[in-house]
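Data block below; observations after.
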Amino acid sequence: MAVLVGRQTRLLVQGITGYQGAFHTQLMLDAGTRVVAGVTPGKGGERVHGVPVFDTVEEAVRGTGANASVVFVPARFARDAALEAIASRLDPVVVITEGMPVHDAIEVVAYARRQGVRVVGPNGPGVTTPGQCRVGIMPTHLFRPGPVGIVSRSGTLTYEIVAGLTRAGLGQSTAIGLGGDPVVGTSFVDALELFGADPDTRAIVLIGEIGGSAEEEAARYIAERVRKPVAAYIAGRTAPRGKRMGHAGAVISGTEGTAEHKVAALEAAGVAVAPIVSGVPALVAARL
Amino acid sequence: MKLHEYQAKEIFARYGLPVQRGAVVEAAEQVAGLDLRYPVVVKAQVLVGGRGKAGGIKLASTPTEAEAKVRAILGMEIQGERVSRVLVAEAAEIDAEYYLAFVTDRSARGVTAVASAAGGVEIETVAHTTPEKIVRGAVDPFLGFQPFQARSLGRRLGFAGPHLAEFERICTTLYRLYWDEDADLAEINPLALAGGHLLCVDAKLVLDDNALYRHQNLPASEEMTPLEREARSHGLAYVELDGDIAVIGNGAGLVMSTLDLLAHFGGRAANFLDVGGGASAEAMQTALEIAQRKSGIRAIFINIFGGITRCDDVARGIVENPPRVPASIRLTGTNEEEGQRILRQAGIVAGLDADEAARAAVELARRPPRRGDG
C-alpha cells in the first residue's frame, strides 16, 4: 500500500537527458522503480539507461502507459514541463526543480487542481516508498520498509531523521518531501490525510521549519482528524526575523512563521515535538 | 527582494498608478534644486518597517525647512538600518486612508487581494485589533483579477460614484503590476483620498527572487550584507548572525537545525551557510573561505549529512582549505568511509554524531584562545 507512489507507479522522467535527470534515473531504477519513459523535447528516440526518450509527454504516455511524472528540468522550463504532465493527467507530478518562480508554481498548482491531479513540490526531494519505488532524489540506502510515514519541508533533514529511524529499527511506509518553496502542490494537511487513510502507516513524523503557517494548519487538522501518533521536529528556533534561511519559503515575516508558534500549536494538538533532531526516533518508538 | 518606496513608486508610475510628484536625494544640498510644490513630506528610504514612529517622516513647508529635515533624517539609524536616501514628495491633504494589496497566499497556494478602510496603520495591527475591517478576495490565476471583483471590494470599503471607478482602475492595475513584475507583495498603505481623488501615498513591493531573471533594469538588492552578496554570487546561501561559531552544512533545513543544535548546547552560531545538495569540493572550499571571513569567529562547526552530497567530495574541499580556527566536523552518509579516510590522512579529525560534534564545537568556542590558560 503506502501512499502516492509504489509498485503500481509507472514513472516518466521529464528532463531525463540532463545531468541530474540521467543521474537520478539510474538511482531510481536501482531502487526498483519502474521508470518506463523519459521526455526531453528534441531528443525523442534516444535511450537513457535503457529507458526510451520521447519528445512529448503525450507520446510517452501513449507509448509506455506512464502514470506518474518526476520533473528535473531547469527552473525556467519547469512550469511548461509540469503543465504538460498535468495536461496528460499524470498523477502525481513530482517537481524536484529548485528556483521556480512563485507565480509559475501558482499556475501549476491551480491547473493541477482543475485537472484533479496532485503536484508534489517544487523544490523538494520527491517521494520514496521504501522497497517499492523512489521518485526523486532521496538516498535509497537510508530507508527500510516499515510503519512510519514521513512528511517534510526539507531534504537533507529528512535524510538525517530517516537514517535515525532506520538505526532505531523503525522503518518507513512512505516519505513525502513537500519542498521548501512558499507555494507547493502538497501540504502537510494533504499528506496527513493520505497517511491517516493508509493502513500501512501506524505513526507519522512531521518535519517543519520557519515560515508560513502550514505547521499550524497541520496542528489544527491533527487535533480534529488524525488518530495516529504524530511526532515532529521544527527547524529554525534560532533563526532571525526577515532573513530567508536557504529555502525561499523559510522566512519569518513580522510575527508570522516563528518556530515557537509552530511548536506550541503542534504540542497543543498532542504532537510530541523533539527539541533536537536526534530526539525524533525515541518519540516515535514510545508511541508505536 | 524588497524595494525601497521610491523604487516601488517608479514602477507604480510606469503602470499609471497615481503617486505624488517627488525626488530622491542623498544630500541636503540637493533639496534647493528640486522643482516641487510646497509643503513637502520628507521620508527616510529604509527597508525596515516603523520609520514613521522612529521619526523618519517629516513635513516641511519651505525649501529651507525641507533641507533641515533631510539633513536630520540622513544618517539616522532606523532599527539598525542607516538612512542614505530620502524621498522628498509633494504633501497631500488626506481625507481618508485605505489599505490595498495583492499578496502571494501560501495557505491558499494562490493570490489574495486584501483591502481595508482602516489604512495608514500596519495591516497586521488591523488584523489583530479589528479583523472585521479587512476584506479579502481570492484571485483565479487564469482569469486574473477582474473589474467586477474590484468593484465588489470597493463597495465593501464604502466607495461609491466616481471613487468606485477610480478604485476599480487602481485595483486592476495593481494586480497587473503584481503579476507582471513577479511580486510576492504589492501594497498601497495608505491608499489615500486626497483632494477628491485616490492617491498611492506609500508603496511597497517585494519581488520574487526566483523570477528576477525575467526582469531587466531592476535595482540591486540592498537587503544583503557584502558577505551575503558575495556568497550568493558563488551560489551559496549565507546569512550573517551574531554568534562566534561559524557553521557550514548541506541543505537549508539541516543547517537551520544545526544552528538550533548549537543553541541547545549553549553556543551561538556566527552564520547560516548552506553549501547545497550535491556540493562539490570547490563549493566546500569557497564555503570555508566565506564562513571564516567574519571577525570574532572562535570555532567552526561543519555538519554534513551526505545524501546527494558525497562525503569524499566534502572531505577533499576541507583538505584543500583546512579550517584556520578550532574545528568540529561531523561527516556521515554517502561515501562516509572514503571521506573520513581523506580527512584522517590530512590529520583532521571528524566524527559521525551531530550532537557530539555540536557539543565539541561549543567547547572549542569557550576555550580561551591562549595556550596554558585554565
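The values are calculated or read from the model by the stated rules, or taken from the named source; none is laboratory data. Here the structure is a predicted model, which means the values were calculated and not measured. When we count neighbours, we look across all protein chains shown, and the Cβ atoms used for this are built from the backbone with ideal geometry, even at glycine.
For A:Val117, indicate whether it is among the β-branched types (Val, Ile, Thr), assigned to a strand (DSSP E or B) and either more than 14 Å from chain B (Cβ to nearest Cβ) or within 13 Å of the chain's Cα centre (by Cα) (or both). Spell out how you get there, then give the answer.
On the way: among the β-branched types (Val, Ile, Thr): yes; assigned to a strand (DSSP E or B): no; either more than 14 Å from chain B (Cβ to nearest Cβ) or within 13 Å of the chain's Cα centre (by Cα) (or both): yes.
Answer is no for this residue.
Look through B:Gly374, B:Gly306 and report the one residue that is within 35 Å of the chain's Cα centre (by Cα) and either at pLDDT 95 or above or not aliphatic (A, V, I, L, M) (or both). None of the others qualify; the one that does is B:Gly306.
Scanning the range B:309-342 for residues that are in contact with a strand residue (DSSP E or B) (Cβ under 9 Å, 6 or more places away or on another chain) and farther than 18 Å from B:Asn250 by Cα, we see that the one that is surrounded by the fewest Cβ atoms within 10 Å (Cβ to Cβ) is B:Arg324.
Go through the range B:187-253 and tell me which strands (runs of 3 or more DSSP E), entirely inside it, have 1 or more residues that are more than 20 Å from B:Leu174 (Cα to Cα) and within 14 Å of chain A (Cβ to nearest Cβ).
Values: elements: B:197-200, B:204-207, B:237-240, B:245-249.
The qualifying strands (runs of 3 or more DSSP E) are B:237-240, B:245-249.
Which residue pairs have Cβ atoms closer than 6 Å, lie 6 or more positions apart in sequence or on different chains, and pair a first residue in the range A:268-288 that is in the same structural domain as A:Gly208 (by TED's automatic domain parsing) with a second residue that is of a type in the set (S, T, N, Q)? Correct list of pairs: A:Val277/B:Ser257.
In the range B:306-370, which helices (runs of 4 or more DSSP H) lie fully inside it and hold 2 or more residues that are more than 14 Å from every other protein chain (Cβ to nearest Cβ) and of a type in the set (Lys, Arg)?
On the way: elements: B:311-320, B:336-345, B:354-366.
Helices (runs of 4 or more DSSP H) meeting the threshold: B:336-345.
Scan the range A:253-264 for residues that are more than 10 Å from chain B (Cβ to nearest Cβ) and either under 25 Å from A:Thr97 (Cβ atoms) or crowded, with 22+ Cβ neighbours inside 10 Å (or both) and report the count.
Here is the first cut: in the range A:253-264, the ones more than 10 Å from chain B (Cβ to nearest Cβ) are A:258, A:260-264.
With the extra rule that they be either under 25 Å from A:Thr97 (Cβ atoms) or crowded, with 22+ Cβ neighbours inside 10 Å (or both), the set shrinks to A:262.
Total satisfying the criteria: 1.
Taken over the range B:140-154, the criterion of being within 14 Å of chain A (Cβ to nearest Cβ) and in contact with an Asp or Glu (Cβ under 9 Å, 6 or more places away or on another chain) is satisfied by B:Pro141, B:Phe142. Looking only at the range A:189-212, residues that are among the aliphatic types (A, V, I, L, M) and either away from every other protein chain (no Cβ under 14 Å) or part of a loop (DSSP other than H, G, I, E, B) (or both) come to 7 in all.
Of all the criteria given as (1) touching a strand residue (DSSP E or B) at 6+ places or on another chain (Cβ under 6 Å); (2) away from chain B (no Cβ under 14 Å), the one not satisfied by A:Met245 is (2). Taking the conditions (1) out of contact with any Leu (no Cβ under 9 Å at 6 or more places or on another chain); (2) at the interface with another protein chain (Cβ under 10 Å from one of its Cβ atoms) in turn, A:Gly179 satisfies each one other than (2).
Candidates in the range B:79-124 are the residues that are in a loop (DSSP other than H, G, I, E, B) and touching a Lys or Arg at 6+ places or on another chain (Cβ under 9 Å); of these, the one that is nearest to B:Leu174 (Cα to Cα) is B:Ala117. Of the set (1) farther than 30 Å from A:Leu178 by Cβ; (2) within 21 Å of the chain's Cα centre (by Cα), all apply to B:Glu65 but (2). The set of residues from the range A:160-175 being touching a Ser or Thr at 6+ places or on another chain (Cβ under 7 Å) and either within 19 Å of B:Phe305 (Cα to Cα) or within 14 Å of chain B (Cβ to nearest Cβ) (or both) comprises A:Gly164, A:Ala175.
Total residues in the range B:223-251 satisfying the condition of being more than 20 Å from B:Val325 (Cβ to Cβ) and of a type in the set (Gly, Ala, Ser): the figure is 4. Would you be able to say whether some residue in the range A:185-205 is touching a strand residue (DSSP E or B) at 6+ places or on another chain (Cβ under 9 Å) and under 18 Å from A:Met245 (Cβ atoms)? There is no residue in the range A:185-205 that is touching a strand residue (DSSP E or B) at 6+ places or on another chain (Cβ under 9 Å) and under 18 Å from A:Met245 (Cβ atoms).
Number of residues in the range B:144-184 that are of a type in the set (Lys, Arg) and either buried (at least 21 other Cβ atoms within 10 Å of the Cβ) or in contact with a Lys or Arg (Cβ under 6 Å, 6 or more places away or on another chain) (or both) equals 0.
If you filter the range A:136-151 down to residues that are in contact with a Pro (Cβ under 8 Å, 6 or more places away or on another chain) and within 26 Å of A:Met245 (Cα to Cα), you find that the one that is farthest from the other protein chains (Cβ to nearest Cβ) is A:Gly136. Does A:Thr166 count as over 14 Å from the mean Cα position of the chain (by Cα) and either part of a loop (DSSP other than H, G, I, E, B) or more than 21 Å from A:Gly249 (Cβ to Cβ) (or both)? Spelling it out, A:Thr166 is indeed over 14 Å from the mean Cα position of the chain (by Cα) and either part of a loop (DSSP other than H, G, I, E, B) or more than 21 Å from A:Gly249 (Cβ to Cβ) (or both).
Candidates A:Pro275, A:Pro240: the one that is at pLDDT below 95, at the interface with chain B (Cβ under 7 Å from one of its Cβ atoms) and either farther than 30 Å from B:Ile123 by Cα or over 20 Å from the mean Cα position of the chain (by Cα) (or both) is A:Pro240. Look at (1) in contact with a strand residue (DSSP E or B) (Cβ under 6 Å, 6 or more places away or on another chain); (2) surrounded by 15 or more Cβ atoms within 10 Å (Cβ to Cβ) and you find that B:Leu59 fails only one, number (2). Residues in the range A:91-108 that are more than 8 Å from every other protein chain (Cβ to nearest Cβ) and in a loop (DSSP other than H, G, I, E, B): 5 in all.
Restricting attention to the range A:213-233, and to residues there that are over 18 Å from A:Val102 (Cα atoms) and within 9 Å of another protein chain (Cβ to nearest Cβ), which single residue is surrounded by the fewest Cβ atoms within 10 Å (Cβ to Cβ)? I'd like the intermediate steps shown before the answer.
First pass over the range A:213-233, keeping only residues over 18 Å from A:Val102 (Cα atoms): A:215-233.
Cutting the leftovers down to within 9 Å of another protein chain (Cβ to nearest Cβ) gives us A:217, A:233.
On the way: A:Glu217: 17, A:Tyr233: 29.
The qualifying residue surrounded by the fewest Cβ atoms within 10 Å (Cβ to Cβ) is A:Glu217.
You will find that of B:Arg155, B:Arg176, B:Arg169, the residue that is basic (Lys, Arg) and in contact (Cβ under 8 Å) with a residue 40 or more places away in the chain is B:Arg176 and no other.
Look at (1) assigned to a strand (DSSP E or B); (2) assigned by TED's automatic domain parsing to the domain that holds B:Ile300 and you find that B:Leu261 fails only one, number (1).
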